[in-house]
Amino acid sequence: MPSKRLLAVALAAMVLFAGCSALPSGGGGGDADPEAPDYHGFTFVSDTGGNAYEATVTVEKDGERLLERSVSGDGDGTYVNLSSVEEAGPYTMTVNTTIPAAGGGNMSEQVELNGSLGNETVIDVSYLAIEVKSFALPRQEMEEPLYFQKNIDLPIEAQVVVTHDGETVYSEDVHRNGTGPFELAELPETGVYQVSVGDSDGENWENDTVILRDPQSKLFTKLDGDTPVIEVYPPEMPPPSN
């Protein structure tokens, strides 16, 4: 008959392994994700269609200013890692720009953020709007590649440019027969992607900033005739076959 000490060790091992099986898994492997960092990050991205601008981002908590950064851009795509704060929210974040607003004045936005540690807030500025997005840290290795799809079977040429956290991960002219989907390139990690798709003449372009929050999300670049399209499909939603 086993001793009480051996039974205690066995029970402890059972509890340990049961706890491990409940931990979230990393992208592509069975290992547990590293712990989320003990800070809240802030990132600024923009594409204002070639219109130069200046912007200021401030983050306050209980009247104390935790972050203030100025950003300028030429309008053709900007990515700036602003900073991070180690004090949990809630925060009041204010974004002021020199971009003209509808009805007069300059475009600005003030939002209240939950400010949970281990997350990243993304300020996405276009010439028409200021959007605030977020995703969880740490970043995970992507399991799905970059895709391209078109709706006609004839040969067609497109231009696709994709950056991740400000670094170019794909920039090519795409020549494909059939309709696809075609795999273009591996994607690095979850996070911020700035995507541009153009037709063969370079006259029609679609530019968008997307957040890939899950390593199984699917980033699709498409041509619908001469119309460029950018779509993100979550893991539970299969993309259309054509």
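Calculated accessible area for the chain comes out at 54 Å² per residue, all protein chains present (probe 1.4 Å; ligands, DNA, RNA ignored).
Over the C-alpha trace of segment 166-242, radius of gyration and Dmax come out as 12.6, 35 angstrom.
In segment 51-98, the convex hull through the Cα atoms has an average projected area of 3.6 nm², a quarter of its surface area. Axis of helix 4-21 versus longest Cα principal axis of the chain: the two differ by about 10°, to the nearest ten degrees. Inverting the pair-averaged 1/r between distinct Cα atoms of the chain gives 20.4 Å as its Kirkwood hydrodynamic radius. If you sort Glu144, Glu68, Glu86 by accessible surface, 1.4 Å probe, largest first, the order is Glu86, Glu68, Glu144. Please give the FRET efficiency for Trp205 paired with Ser72, using the beta carbon to beta carbon distance and R0 = 25 Å, rounded to the nearest 0.05. The formula returns an efficiency of 0.65 here. Computed with a 1.4 Å probe over protein heavy atoms only, the accessible area of His164 comes to about 10 Å². Pairwise alpha-carbon distances in segment 136-209 exceed 16 Å for 53% of all pairs.
Rounded to 0.05, the FRET efficiency of the Ala88 and Gln110 pair, given R0 = 22 Å and the Cβ-Cβ distance, is 0.65.
Full extension of the chain segment joining Gln216 with Ala185 gains 9.7 nm, where the gain is 0.36 nm per residue of separation less the Cα-Cα distance.
Ranking Tyr79, Tyr233 from most to least accessible surface, computed with a 1.4 Å probe over the protein chains only, gives Tyr79, Tyr233. What the Kirkwood sum gives for segment 31-114 is a hydrodynamic radius of 14.3 Å, with every pair of different alpha carbons counted. The accessible surface of segment 96-242, taken with every protein chain in place and a 1.4 Å probe, is 42 percent carbon and sulfur. Leaving ligands, DNA and RNA out of it, report the carbon-plus-sulfur percent of the accessible area of segment 31-86 at a 1.4 Å probe. Percent of accessible area from carbon and sulfur atoms in segment 31-86: 34.
Averaging 1/r over every pair of different alpha carbons in segment 80-170 and inverting the result gives a Kirkwood radius of 16.8 Å.
The values are calculated or read from the model by the stated rules, or taken from the named source; none is laboratory data. What you see is a predicted model; the values in this text were computed from it and never measured. Heads up, the Cβs are rebuilt from the backbone with ideal geometry, glycines too, and the neighbour counts pull from every protein chain shown. Heavy atoms of the whole protein, side chains included, go into the accessibility calculation; ligands, DNA and RNA do not. Shrake-Rupley method; radii C 1.70, N 1.55, O 1.52, S 1.80 Å.
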